[in-house]
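Asks: Below is the structure I would like to discuss, written out as structure tokens.
The values are calculated or read from the model by the stated rules, or taken from the named source; none is laboratory data. These numbers were taken from a predicted model, which means no experiment stands behind them. Positions of Cβ are generated from backbone atoms using ideal geometry, with glycine treated the same way; all protein chains shown enter the neighbour counts.
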Amino acid sequence: MTGAKEPFDLQVGYDQDELLGGRWWQQGLAGTYATGIPTVTSRIGPTRIDESRRSALKMLLGLGGFVVVAGLVTTRCSSSGSHTTTIDQASLDLQRSRGLATGAENVAFEWPHAVDTAADGTPLSALELHRLAAELRPSRNLEEPDYGPTLFQCLQETGGAAFSRQLRLVCSPQMRAAYGRGEAIRELLELAEERRAWALVVDLPGPDSVAFAAGLQPRAVAVFQFHNWPHPRGVVPAHLTLAAAAYYRHRFGLAPDAEQRAVCYVLDRDRLAPYANQPDRFDNRYVVRLPTAASLQNRGIRRVLYVVPEGQPADALDDVAERLAEYAAAGIGVRMLGLGDLTLAPADKVPGTASSSYTGSRYYWHGGPGHHYWFWHHHDWPSRQAPVTPTRPPTSSFGADWSPTRARPRQDLAQVGRTAEPRTTSSGSSSSGGSWGRSSGGFGG
């Protein structure tokens, strides 16, 4: 240690659970900082870095456990006078200003399980794609403020036309199964004593949530909450959710009795997918905001069914856990439904009822008609008389002992959907770099 006053530069920032903080390097370039002392912006605001090592270390200690990540604005200077600044911003804002596929314009989207026609047999048209946000708007004014059409609106924004030309309809086996399970719950809704007292929060992977909501039609008003845009290297495969919505789009117009329907909030469970500073991924994750308990009560809603994937832990995701606990505290009955409880029954066990639109095997709650209608007894919710005598299932229901709690969030939701954009300034000019991501590496196209 020479004691010379030399500036420090942040080389790497870590926000993983096992690595908190940053690695700093003494540059020894005191004569090149003609533009002033670099500034680091953290979650607690801007902090000036003193030229001495001691002051820099004091500053680091002063962060007191805050994570120094790519939310930092880092200025690197060289003797040539060029400066590279990493600017943290919302990923969606970056896409709106630079284009939907920013940083990966030459990377193609992948379309597994692509099909040529929609669920009603019609081909996809560019005109229908541009109308998607309007067509999928909730049919009741009460639900309009909760609608999140951002995903559908991407088709009308910068780069949307090029993406529209790539877009394919998709229908996967998982989507078909989710649709059939949605139909099973739709049949239960047929018997609901007060259908408008119901709300469903469908928290499945995006395409499956769309398919489940389509199967509920026309007994539930679908309220989509998709607050991101697709990206060829996105953490969230939002392009597949959009393709699924386009595939089932005609199912959501079958609502002659909109005022008598339940409400279904359609979420994409991949919105909080794991992400650990992978430089080759674009963070297009997001959080949702369900309506308050007071809002639901004002609409007469007294029962909420939280639908989760088969085999998942019996817990709510971090961005909805608090709201579900708020519902329960307000006296709204909140229950969990795991898709694994909706299983196929053999064709010879399926009764022919007037309300049935099924052929062959179909899904029931716990795999049979009698068990299916026990659903109402299990949750102690009122219903009209079932077409067959309900019988108690031999196995326990998924999430039977679950109740929503205000658990401590496991993710830092403030950092969801943030992207660091490197920009280089030389001799007073500014240009954007070609790498993206919230790590010390780059996101390459």
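Asks: Taking the condition of being out of contact with any helix residue (DSSP H, G or I) (no Cβ under 6 Å at 6 or more places or on another chain) and over 15 Å from residue 267 (Cα atoms), how many residues in region 138-148 meet it?
Replies: Here the count works out to 4.
Asks: Follow-up. Could you tell me whether any residue of region 176-186 is over 20 Å from residue 362 (Cα atoms) and surrounded by fewer than 24 Cβ atoms within 10 Å (Cβ to Cβ)?
Replies: No.
Asks: Okay, next question. Considering only region 250-294, how many residues are over 16 Å from residue 204 (Cα atoms), modelled with pLDDT under 95 and assigned to a helix (DSSP H, G or I)?
Replies: So the answer is 7.
Asks: So, one more: Before we move on, is residue 142 aliphatic (A, V, I, L, M), within 15 Å of residue 242 (Cβ to Cβ) and in contact (Cβ under 8 Å) with a residue 40 or more places away in the chain?
Replies: Here the answer is no, as residue 142 does not meet what is asked.
Asks: So which residues in region 369-398 are out of contact with any Gly (no Cβ under 6 Å at 6 or more places or on another chain), within 17 Å of residue 345 (Cα to Cα) and hydrophobic (A, V, I, L, M, F, W, C)?
Replies: 374, 375, listed by residue number.
Asks: Do we find that residue 160 is within 20 Å of residue 208 (Cβ to Cβ), touching a residue at least 24 places away in the same chain (Cβ under 8 Å) and of a type in the set (Gly, Ala, Ser) in this structure?
Replies: Criteria not met by residue 160.
Asks: Only one of (1) outside the structural domain of residue 372 (by TED's automatic domain parsing); (2) at pLDDT 90 or above fails for residue 82. Which number is that?
Replies: Just one mismatch for residue 82, condition (2).
Here is a yes/no grid of residues against (1) surrounded by 20 or more Cβ atoms within 10 Å (Cβ to Cβ); (2) free of Cβ contacts under 8 Å to residues at least 12 places away in the same chain; (3) more than 22 Å from residue 244 (Cα to Cα); (4) in contact with a Gly (Cβ under 9 Å, 6 or more places away or on another chain):
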site: 263; (1), (2), (3), (4): yes, no, no, no
site: 278; (1), (2), (3), (4): no, no, yes, yes
site: 295; (1), (2), (3), (4): no, yes, yes, no
site: 299; (1), (2), (3), (4): no, no, yes, no
site: 333; (1), (2), (3), (4): no, no, yes, no
site: 341; (1), (2), (3), (4): yes, no, yes, yes
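Asks: Oh, and also: With respect to residue 110, is the statement that it is out of contact with any Lys or Arg (no Cβ under 7 Å at 6 or more places or on another chain), within 30 Å of residue 300 (Cβ to Cβ) and of a type in the set (Asp, Glu) true?
Replies: no
Asks: In the list 216, 151, which residue meets the criterion of being crowded, with 19+ Cβ neighbours inside 10 Å and closer than 21 Å to residue 416 by Cβ?
Replies: Checking each option against the conditions leaves just 151.
Asks: Criterion first (part of a strand (DSSP E or B) and among the β-branched types (Val, Ile, Thr)) does residue 223 satisfy it?
Replies: The answer is yes for residue 223.
Asks: In region 128-144, which residue that is touching a strand residue (DSSP E or B) at 6+ places or on another chain (Cβ under 8 Å) and outside any helix (DSSP H, G or I) is nearest to residue 92 (Cα to Cα)?
Replies: 136
Asks: Give, as residue ranges, the helices (runs of 4 or more DSSP H) completely inside region 145-197 that count at least 2 residues that are polar (S, T, N, Q).
Replies: By residue number, 150-153, 160-166.
Asks: Take the residues of region 98-127 that are in contact (Cβ under 8 Å) with a residue 24 or more places away in the chain and part of a helix (DSSP H, G or I): which is nearest to the chain's Cα centre (by Cα)?
Replies: Among them, the one singled out is 98.
Asks: Evaluate region 226-240: report whether one residue or more is in contact (Cβ under 8 Å) with a residue 40 or more places away in the chain, buried (at least 24 other Cβ atoms within 10 Å of the Cβ) and more than 14 Å from the chain's Cα centre (by Cα).
Replies: No, there is no match, as no residue in region 226-240 is in contact (Cβ under 8 Å) with a residue 40 or more places away in the chain, buried (at least 24 other Cβ atoms within 10 Å of the Cβ) and more than 14 Å from the chain's Cα centre (by Cα).
Asks: Does region 303-331 hold any residues that are surrounded by fewer than 18 Cβ atoms within 10 Å (Cβ to Cβ) and either of a type in the set (D, E, K, R) or assigned to a strand (DSSP E or B) (or both), and which are they?
Replies: 310, 315, 318, 322 - these are the residues of region 303-331 that are surrounded by fewer than 18 Cβ atoms within 10 Å (Cβ to Cβ) and either of a type in the set (D, E, K, R) or assigned to a strand (DSSP E or B) (or both).
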